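The values are calculated or read from the model by the stated rules, or taken from the named source; none is laboratory data. This one's a predicted model, so the numbers in the text were calculated from it and none came from an experiment. Positions of Cβ are generated from backbone atoms using ideal geometry, with glycine treated the same way; all protein chains shown enter the neighbour counts. We work out accessible area using only protein heavy atoms, side chains counted, and drop any ligands, DNA or RNA first. Shrake-Rupley method; radii C 1.70, N 1.55, O 1.52, S 1.80 Å.
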Amino acid sequence: MNKHLQLGVVLTLGLVLAPLSAGAAKLVSERGETAITAPSVAPEQRLRVINDKDPIPVTFKEQPPLVPHKIDEYEVNLAVNKCLDCHSKEQAEQKDSTPVSESHYQGSDGKQLSSLAPRRYFCTQCHVPQADVAPLVENLFQPAKVVTTK
């Protein structure tokens, strides 16, 4: 072997084996000593959802609007979508609620559909309720301007 190749092999082995040395810091799991095979238990949700009458303004273009009411009892599955009881085109005016956006009636090819697009059916994939909670990390985000939607 030439000297450059030998040096490269030695350096590579040093980089690979260095973390395995006795002086390397031990990794600590966020789940503590609980084995990964142990079943997880969903935490009890005790969020105080803000129940406003007016929609919460969005702060950037294409932001999914926040839900200004509780939805934890809403059923949304292949057979039922409780959100559409108030927010469908047919019901929104009668229920005095915000109708589903026209963008939700477009297929993935951009063509207008007569019913809600299947990819937009599961509302809670994008829309979440606004909760009164302390931020997990400091957040200094300031919107350039408030975007209004209707």
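See the values below:
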read-out	value
Accessible surface, per residue, of the chain when the full set of protein chains is kept, probe 1.4 Å, Å²	87 Å²
Net dipole in debye of the chain [+1 Lys, Arg Cβ; -1 Asp, Glu Cβ; about Cα centre; nearest 20]	560 debye
Calculated FRET value between Ser115 and Leu11, using beta carbons and R₀ = 35 Å, to 0.05	0.05
Whole-percent carbon and sulfur share, accessible surface of the chain, 1.4 Å	58 percent
Mean residue ellipticity (222 nm) of the chain, computed from DSSP H runs ≥ 4 via -39,500 (n - 2.57), nearest 500	-5000 deg cm²/dmol
Packing-based ranking, highest mean first, of 29-42, 116-129 given that Cβ atoms within 10 Å are counted	116-129, 29-42
Average silhouette area of the chain, convex hull of alpha-carbon atoms, in square nanometres	18.8 nm²
